[in-house]
Amino acid sequence: MNVAQMNSATTPAAQTNQRQRQWLVDYSMPLGYVVLFAVLSATVENFFSLTNVVGLMLSVAQIGMVACTMMLCLASRDFDLSVGSTIAFAGVLGAMVLEHTGSVLLAVGAGLAAGAIIGAANGVLIAYLRVNALIATLATMLMVRGLAFIVSKGQAVGISNDAFIDFGDSRIFGLPLPVLVCAACFVVFGILLNQTIFGRNTLAIGGNPEAARLAGVQVERLRVWIFLIQGVVTAMAGLILASRITSGQPNAAQGFELDVISACVLGGVSLLGGKARIFGVLIGVLIMGTVENVMNLLDVDAFYQYLMRGVILLAAVLLDQLKTRGERR
Amino acid sequence: MNVAQMNSATTPAAQTNQRQRQWLVDYSMPLGYVVLFAVLSATVENFFSLTNVVGLMLSVAQIGMVACTMMLCLASRDFDLSVGSTIAFAGVLGAMVLEHTGSVLLAVGAGLAAGAIIGAANGVLIAYLRVNALIATLATMLMVRGLAFIVSKGQAVGISNDAFIDFGDSRIFGLPLPVLVCAACFVVFGILLNQTIFGRNTLAIGGNPEAARLAGVQVERLRVWIFLIQGVVTAMAGLILASRITSGQPNAAQGFELDVISACVLGGVSLLGGKARIFGVLIGVLIMGTVENVMNLLDVDAFYQYLMRGVILLAAVLLDQLKTRGERR
Amino acid sequence: ADAVKIGFLVKQAEEPWFQDEWRYAEQAAKDKGFALVKIGVPNGEKMIAAIDNLAAQKAQGFVICAPDVKLGTAVERAARRNNMKVISVDDRLVDGSGKPIASIPHMGISGYAIGKQVGEGIVAEIKARKWNMAEVGAIRVAYDQLPTAKERTMGAIDALKAAGLVAANVIDAPQAKTDTESAFNAANIALTKNARFKYWVAVGLNDEAVLGAVRAAEGRGIKADSMIGVGIGGAKAAENELNKPAATGFFGSVMISAKEHGYQTSVNLFNWITGKAVPPAEVQTKGMLMTRANQAEVRKQMGQ
Amino acid sequence: MNAYLQFDQVSKVFPGVKALNGVSFAAHAGQVHGLLGENGAGKSTLLKILGGQYKPDGGRLLVNGQECRFTSAKDAIAAGVAIIHQELQYVPELTVAENVLLGRMPTRFGLLDKPRAYQIVAEKLAAIGVDLAPDAKLVDLSIAQRQMVEICKAIMQDAQVIAFDEPTSSLSHRETEILFRLVKELRAEGRTLIYISHRLEELYELCDACTIFRDGRKIVTHDVMADVPRERLISDMVGRELSDIYDYRARPLGKERLQVQGLSGQHISQPQSFSVRAGEVLGFFGLVGAGRSELMRLLYNADARKSGSVLLDGAVVPTSGPSAAIKAGIVLCPEDRKEQGILATASVAENINISVRRLDLLGGLFLRHQREAALAEEFIARLRIKTPNRQQEIRLLSGGNQQKVILARWLAEPGLKVLILDEPTRGIDVGAKNDIYRIIHEVAEQGCCVIVISSELPEVLGISDRVIVMREGQICGELPREQASETAVLALALPDTAPATAPATAAAAPTETTESSALPIRSIA
Ligand SMILES: Nc1ncnc2c1ncn2[C@@H]1O[C@H](COP(=O)(O)OP(=O)(O)OP(=O)(O)O)[C@@H](O)[C@H]1O
Ligand SMILES: Nc1ncnc2c1ncn2[C@@H]1O[C@H](COP(=O)(O)OP(=O)(O)OP(=O)(O)O)[C@@H](O)[C@H]1O
Ligand SMILES: O[C@@H]1[C@@H](O)[C@@H](O)CO[C@H]1O
Ligand SMILES: [Mg+2]
Ligand SMILES: [Mg+2]
């Protein structure tokens, strides 16, 4: 009907226009990264080589895995500072179990179980006991780090089991296993976020917890699950790290949490919850890794690396900002 | 009249009851701390002595100063990760100027100016260029730390000027100057928060930036001011630290930002903005310092200190949580 | 007389090295019958707070490895203010202008000298393997924001240069943090950039750093026969590596004696406080290169 | 008795407020039961109890004869109760379909079946008659559209009991029409419907029975709505008589005070001009999305301008943000109270003083607490704001009372010259409406310009000296009070069915649309 059409908010032409715009907004980050990658390949010696690119991916494998679950966590308007400690603890525990029992299965099981428990504890504290997420996970961060030191007596725990060590080292189609695991995480969590009730409810409780609760979403349970999964994936990252460095080190991955959260935010995940794109997170992770990689390739002085990292971080978000300019005021 | 009474929103008795309840909610933290302090005095040897209490206060003087401004920053729904770097940079710069010119005035001036510039840069990035506060201040954190390393060539800058060193050391009425400066900050920022339009507008933009803007608050300008003040106070803390440790250290105060933010959150400042109590922040800072102090007095093992710190952090928020239980629903 | 109580302050309590020092200091406390308070002091602020804390506990003195040597004046002042005796361990304290502080006795190592020992150990092995110096690339896993780290690695590189390594063969791999993974990532890039070398050697501030470089090399098929990595410290991380059934690129570690540092400094301070003896102004201890071949012997000599 | 839904002695106490005090009444299947009452009377609280959001402190709730003790919204949903809340509860970043099916998305092999979800929702939207893309995100929709999504969400639950809490407060005619048709269909299907509104016309049109609340207590239940005279309803609600709620009195108008020249912005693509005379009340009418709010936001410097200028008393108003407008004497009560109006966690007093305090500071910085308190108390009394005390957090007030607080914020401005009210009576009870109209006229009598945007036609006609009508981002006509009849205004506001634009001031013949649609318009006056 005429009336309805005229009245409707947007004409078809305007709609296509908006779609295109939306597309640009959605894919500007990947596009930007492709351009960056091309430029670096052309200008930075050794950058565009299989070994370097594989090395780059390997260097962000751990961050990437955990960023997938951190994305869910941030999307639900939460926060997790305990991931760095969990990596260390899972690695140490796995190494100890391995050395005592010689069983890879038991070692991996113990590590993952520890991650699940830590995550669930975070979740219960935050969802049911309503402790502020920053404080709760800061507390578990301290406690878990303490445990890692205590069980290992502060010493690195050596690993001599070849089957376990091989995991971090071996390659399939030229790609190291840790990179493949990380890629799998992106696929799995991308699907989880976009194609499952779990993912949509996560966004819903981050976007408007009250609305989600009123629609019958079991907000508390969901939050515990998110943290639990985060714990398990983080523990897995810790075990893989232990395998790569052939030991469980209690002081590994300090400051890791900030790297992961930054990668997510760089990828457009909102700290205020309700917004997340797996693609963005991937790009965020890659940007972080690329910056580090290129600076080392170019022999940038350690002190200037700080400066550069800051500048590039800013440049990335400012560019990202441009496209949303004028959208709101 | 019976009906009217039943009907009227509140009976006088209910009102007094509510007042009392409110009072308890408002002062439960200070009360809790007083109880904690009493218990520790009775049970921990050497805790309740002038030297120890003064030492405790001295140990939180820097955190305290910066927590005052961080409170404003969080109240306006922002975030500042760059404070640790600013402390280091201001200290290094002050020490260098001091060693070159021998003028305390110039040194302090340079340090404070640097702080103001860093703060203002943060503010402009966040308020006008709309960069996410986490990323913006993470970037300045990296850049300023880099600058501190670059100007000092990575080496601590020694200070031999006695006038400058004495500042950190001298006492008035038995209280060290840094403690007095910190106390002054609490008074000034307490007044600023509660008794001035600046403080109220800060809370307003934290509570609902759009509503505040429509109500005539100059949101952008105010945010820049908040960061600028934060920069200056942080630089002051950096200079005082340099005076206390008789050198400007480019790698000083790493992780400081997390301590400060934790103290604020512990004191009931909401990360979602709009809520802040100077009293709470004071208590938050004191709890952090006391925990550290007591653990050292009791010679708690370094690894168990992690555990304990986590446990106590949790205990503090859980206790705080109890009182607000059932407030909603 | 009053019971003696001394503090033992270390910059990085989580590091195995300092855990060991503490352990031996405790041994001394038991042997001599004094009380020991151990506090970690990761930065200048915490250090001053810890000294004040010791004063509140009525300790008469402390042994310290400060987070930065330039904190010397601050340590000296804080000790004087609280009327405490102080001995420095590991790192020698200096004043604002960089001169060692004479009033504080010291027992420790020179970062540069230890580094030199690393370099010399590598040179000896290169010669033993009859490598051509021109074909050798040297990875310096760098963490220059930490002055001792810089000294150590520069010492090692200087020793290599003295043996004929040209500057162009030295490749800096700056690590972002001091853990093994960061060293791995940094070394990985260094290897990528310099595929031209046949042989590799690696140095770093500690065992963890060198371990990262060794693992990165392995990832590219550079195994024990074409890699010589020598770390510093000789604690568990090195032990794990040297006890593996097959040799790895981690050739050895220059071990320093936590026992001597921890035990002897505590005893010296105790004697000083009780008026038995004034400690010597400066004692430099030496490191020993520990390899697969000699590890049992070195451990015994170092008393560990 | 076939009372499908029964409240029995239900009570609810909040700190300092007895929101419900032993309320009992029954609603029947196949009927629409209206709830009426002043702002803060407890209507929404009752619905929140019905929806499982609050637990009652006393009393029972029976659904279909069964006593229900809901512990969460989930329980209520399971028991066949759907609520459309007064404060819209949507997830901004999710799509229309995802919001509608929140918590109930269809799946296939464990994965979301998006095509099916979109299809289901598209069909439902089409059936209802709402023209919305199921894959649009809620943030990109107007408030009215979001409200329609909420309604669709509740209806999709296929619940036996559906309760509407002021659903029309942010809808305009077209959507209102759709809603009414829906409500009637649901009634015909035999469902039990609860309907809260402050618009008496609506209640008369839709409700079979009604219950009136005051101060948390039930005053009376009328089993046959149509038999109750309007005056009776009003006096039961507000406890006093109200004859003419608009209270219009002709005033002498001064010279042109506010001149708006060629304003354009993002959604107002063509430059728009108008002016207001001193003492004039200018009404703005238009359909949803006509651009009224946008135009006022441009005037107020709240959005970036593409062109144009604003003159007040001949002087150009600086464009540097709302603070500049306020300084010049122009103020705006925004339409979206929750997002743009209230400082949710601040007190009532704080919300009133936030702007005006700048004029009365000690040394340009320090607050004068006593004067602020006095000012707050004055307005709480003057506007009859229902709050336990001035320290109460504003978010705990009922919607209507929040609106009054925002109004107080601006009435407190001593240098007030132009008062812009965007949907000022949205969600406000009849008594309070009357208060607000009275205030509007008082302000006008003092020589101020008052601009009122409203989607309630009777209101616009009742209070305005002149009416401007907007359509699709443009001012399309202007009618003086004498010529501003319902048909004339609607003729301008509705999209043309005839090719020619209606002449600006003519009371054009009613178009086909106006005739055929049962527009819910009734004059109270
Ligand atoms: N969570 C709460 N805490 C404290 N007081 C509350 C809370 N919710 C509602 N109230 C108070 O309870 C009373 C009833 O509020 P309610 O929202 O039910 O009113 P209402 O009849 O829906 O009003 P309106 O027509 O304005 O929407 C009001 O005085 C309100 O301030
Ligand atoms: N933030 C926004 N994003 C996208 N479109 C917007 C936004 N704000 C307004 N619009 C569009 O601008 C046009 C004018 O909207 P405006 O709110 O000014 O209309 P209105 O006449 O006030 O109607 P309403 O009753 O909906 O408030 C509409 O098409 C609306 O969809
Ligand atoms: O920091 C080092 C420590 O790692 C150990 O090697 C002893 O010397 C210190 O300077
Ligand atoms: Mg209501
Ligand atoms: Mg509008």
Ignoring ligands, DNA and RNA, what percent of the 1.4 Å accessible area of the stretch A:61-253 is carbon and sulfur?
-> 69
Which loop-located trypsin sites (Lys or Arg not before Pro) does the stretch D:255-308 contain, where loop means any DSSP state but H, G, I, E or B and the Cβ has at most 15 other Cβ atoms within 10 Å?
-> D:Lys255
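Based on the alpha-carbon gyration tensor of the stretch A:61-253 and its eigenvalue square roots a ≥ b ≥ c, which shape applies: rounded if a/c is under 1.5, prolate if not and a/b is larger than b/c, or oblate?
oblate
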With charges only on Cβ, +1 for K and R and -1 for D and E, what is the dipole size of the stretch A:61-253 about its Cα centre, in debye, rounded to 20?
-> 400
With the Cα gyration tensor of the stretch C:112-180 giving a ≥ b ≥ c as the square roots of its eigenvalues, does the rule (a/c under 1.5 for rounded; else a/b larger than b/c for prolate; else oblate) give rounded, prolate or oblate?
-> prolate
Charges only on Cβ, +1 for Lys and Arg, -1 for Asp and Glu: so what's the dipole of chain B about the Cα centre, in debye to the nearest 20?
-> 1140
Calculate the length of the line joining the C-alpha centroid of the stretch B:134-150 to that of the stretch D:325-400, in whole Å.
-> 40
Take the Cβ-Cβ distance between A:Phe48 and A:Leu318 as r, set R0 to 41 Å, and report the resulting FRET efficiency rounded to the nearest 0.05.
-> 0.95
Go through B:Ala120, C:Ala258, B:Tyr27 and say which Cα lies farthest out towards the positive end of the charge dipole of the protein assembly as shown; charges sit on Cβ, +1 for Lys and Arg, -1 for Asp and Glu.
-> C:Ala258
Which chymotrypsin sites (Phe, Trp or Tyr not before Pro) from the stretch B:131-223 combine a DSSP loop assignment with at most 16 other Cβ atoms within 10 Å?
-> B:Phe173
Within the stretch C:119-180, which trypsin sites (Lys or Arg not before Pro) sit in a loop by DSSP and count at most 15 neighbouring Cβ atoms inside 10 Å?
-> C:Lys130
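Which pairs break 20 Å Cα to Cα here: A:Lys275/C:Lys177; A:Lys153/C:Lys32; D:Lys124/D:Lys184; C:Lys11/C:Lys70; C:Lys223/C:Lys300; C:Lys161/C:Lys198?
From the list (A:Lys275/C:Lys177; A:Lys153/C:Lys32; D:Lys124/D:Lys184; C:Lys11/C:Lys70; C:Lys223/C:Lys300; C:Lys161/C:Lys198), the Cα-Cα distance tops 20 Å for A:Lys275/C:Lys177; A:Lys153/C:Lys32; C:Lys223/C:Lys300.
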Averaged per residue, the 1.4 Å probe accessible area of the stretch A:61-253, protein heavy atoms only, in Å², is roughly 29
Portion, in percent, of the accessible area of the stretch D:293-434 that falls on carbon or sulfur, probe 1.4 Å = 52
Buried solvent-accessible surface, both chains (D, A), 1.4 Å probe, Å² to nearest 100 | 2900
If each part is reduced to its alpha-carbon centroid, the stretch A:215-253 and the stretch D:112-143 end up apart, in Å, by 37
If one puts a single equal scatterer on every Cα of chain D and applies the Debye formula without solvent, what log₁₀ I(q)/I(0) results at q = 0.06, 0.08, 0.11 Å⁻¹?
-> -0.29, -0.53, -1.02
To the nearest 100 Å², how much accessible surface do chains C and A cover up together, summed over both, with a 1.4 Å probe?
-> 2800
Test assert for the stretch B:117-132: residues whose accessible surface shrinks by at least 20 Å² between chain alone and all chains, 1.4 Å probe, equal B:Leu125, B:Leu129, B:Arg130, B:Val131, B:Asn132
Cα-centred dipole magnitude for the protein assembly as shown, charges only on beta-carbon of K, R (+1) and D, E (-1), debye, nearest 20 | 1380
Pairwise burial B:A, computed as accessible area of each alone minus the pair, summed, 1.4 Å, Å² | 3900
Charge dipole of the stretch D:279-411 built from unit charges on the beta carbon (Lys, Arg +1; Asp, Glu -1), centred at mean Cα; most positive-end Cα among D:Pro334, D:Ala373, D:Gly400 is D:Ala373
Taking a 1.4 Å probe, which of B:Met143, A:Met308 shows the most accessible area, and what order do the others take after it?
-> A:Met308, B:Met143
Given 12 as the ceiling on other Cβ atoms within 10 Å, longest exposed-site-free region of chain A for GluC sites (Glu not before Pro) in DSSP loops = A:46-326
Using Cα pairs closer than 8 Å and at least 6 residues apart in sequence, work out the relative contact order for chain C, in percent.
-> 19
Out of B:Gly109, B:Leu138, B:Val97, whose Cα points farthest toward the positive end of the dipole of the stretch B:61-253 (charges: +1 Lys, Arg; -1 Asp, Glu; placed on Cβ)?
-> B:Leu138
So which residues of the stretch B:184-200 lose at least 30 Å² of accessible area, probe 1.4 Å, when you go from the chain by itself to every protein chain present?
-> B:Gln195, B:Thr196, B:Ile197, B:Arg200
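Indicate the gyration tensor shape class of chain A (rounded, prolate or oblate), computed on the Cα atoms with a ≥ b ≥ c the square roots of the eigenvalues: a/c under 1.5 is rounded; otherwise a/b larger than b/c is prolate and the rest oblate.
The shape class here is oblate.
Please report the antiparallel percentage of the DSSP beta bridges confined to the protein assembly as shown, to the nearest 5.
Counting only bridges with both partners in the protein assembly as shown, antiparallel ones make up about 45 percent.
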Express in whole angstrom the spacing between the alpha-carbon centres of the stretch C:70-124 and the stretch D:426-450.
-> 80
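The values are calculated or read from the model by the stated rules, or taken from the named source; none is laboratory data. Bear in mind that the values here come from a model prediction, so they are computed numbers and not experimental data. Here Cβ is always computed from backbone atoms with ideal geometry, including for glycine, and neighbour counts include all displayed protein chains. Side chains included, ligands, DNA and RNA excluded: accessible areas come from the protein's heavy atoms. Shrake-Rupley method; radii C 1.70, N 1.55, O 1.52, S 1.80 Å.
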